[in-house]
1. What are the residue pairs meeting all of these: first residue in segment 175-186, first residue on the phi > 0 side of the Ramachandran plot and of a type in the set (G, A, S), second residue open to solvent by less than 30 Å² (accessible area, probe 1.4 Å) and in a helix (DSSP H, G or I), Cβ atoms under 8 Å, and 6 or more apart or on different chains?
2. Out of (1) open to solvent by 70 Å² or more (accessible area, probe 1.4 Å); (2) outside any helix (DSSP H, G or I), the odd one out for I133 is which?
3. Is it true that A15 is at pLDDT below 95, open to solvent by 30 Å² or more (accessible area, probe 1.4 Å) and over 17 Å from the mean Cα position of the chain (by Cα)?
4. List pairs: first in segment 150-164 and in contact (Cβ under 8 Å) with a residue 24 or more places away in the chain, second surrounded by 18 or more Cβ atoms within 10 Å (Cβ to Cβ) and not in a helix (DSSP H, G or I), Cβ under 9 Å, 6+ apart or cross-chain?
5. Given G95, G84, G76, which one is in contact with a Pro (Cβ under 7 Å, 6 or more places away or on another chain) and free of Cβ contacts under 8 Å to residues at least 60 places away in the same chain?
6. So, of the residues in segment 136-185 that are assigned to a helix (DSSP H, G or I) and of a type in the set (K, R), which turns out to be farthest from L62 (Cα to Cα)?
7. Name the residue, out of T25, T35, that is at pLDDT 95 or above and in a helix (DSSP H, G or I).
8. Quick check on segment 73-92. Is at least one of its residues open to solvent by less than 10 Å² (accessible area, probe 1.4 Å) and touching a His at 6+ places or on another chain (Cβ under 9 Å)?
Amino acid sequence: MKLIPPWLQRPFERALSPLASGLITTGIHPNTLTTLGFIVVVLSAVAFGVGFVRVGGFFLLLSGAFDVLDGKVARGGGMMSRFGAFYDSTLDRVGDGAIFGGIGLYFMTGGLSDELAVWGVASAMLALSTALIVSYTRARAEGLDLECKVGLAQRAERIVGLGVPCLFFGAGPSGLMLLGIVSVLGALSALTVVQRINHVYRLTRAEVSEKPAPQAVHALVDMEERQNT
């Protein structure tokens, strides 16, 4: 289950299809779009950090469009690559850090009252850490050849859930709306981590009753060592 169901995502993706086709025709590389999207995310983070919350929301939503476009161009133009997937995922994580770091800075420098500033910074840190763990759970599961795309609060939900209200309403009265959004996103991301752990457990519990062969044990140990380097 997702907060943004596929039937709601599809019209947005269809609207971007003509633009993606035009970009393929021009020969633009999807990694270029990924880089441009990352620059837009940084602009969003800076806008949040200096208190231009509506501008931050606009740039965040624009970065989501780049997020869709680079994938459509890569697939439609036959330019999918392992490096492209790695590059896109890495910049997404850096972008998450920048966004919630900018929001935390806003909370700390007057966006909230002194009494709520500590809670605001803690909420931004929680939202950031859980967002990174959500991404890690999927990457770790896929490293074990398991599909793991479940969960309420994935990247699209974070972008839309933060970007839309900020674009139209800013931070809200005394910054309370933005504080509420960040707190809810942190809680939903934590719930998503639990959902993914449960999902992987259900996929793998049949293996628990079977004693792995020595070769399988060594393979798992080697994989764990590679993941930790």
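The values are calculated or read from the model by the stated rules, or taken from the named source; none is laboratory data. Just so you know, these numbers come straight off a predicted model, no measurement behind them. A quick note on method: Cβ atoms are made from the backbone with ideal geometry, for glycine too, and the neighbour counts reach across all protein chains shown. What goes into the accessible areas is simple: the full protein's heavy atoms, side chains included, and nothing from ligands, DNA or RNA. Shrake-Rupley method; radii C 1.70, N 1.55, O 1.52, S 1.80 Å.
1. Close Cβ pairs satisfying both conditions: G175/F107; G175/G111; G175/G120.
2. (2)
3. Against the criterion (at pLDDT below 95, open to solvent by 30 Å² or more (accessible area, probe 1.4 Å) and over 17 Å from the mean Cα position of the chain (by Cα)), A15 qualifies.
4. Note: pairs meeting the criteria are E157/G151; G161/A153.
5. Answer to the selection: G84.
6. Among residues in segment 136-185 that are assigned to a helix (DSSP H, G or I) and of a type in the set (K, R), the one farthest from L62 (Cα to Cα) is R140.
7. T35 is the lone residue from the list that is at pLDDT 95 or above and in a helix (DSSP H, G or I).
8. yes
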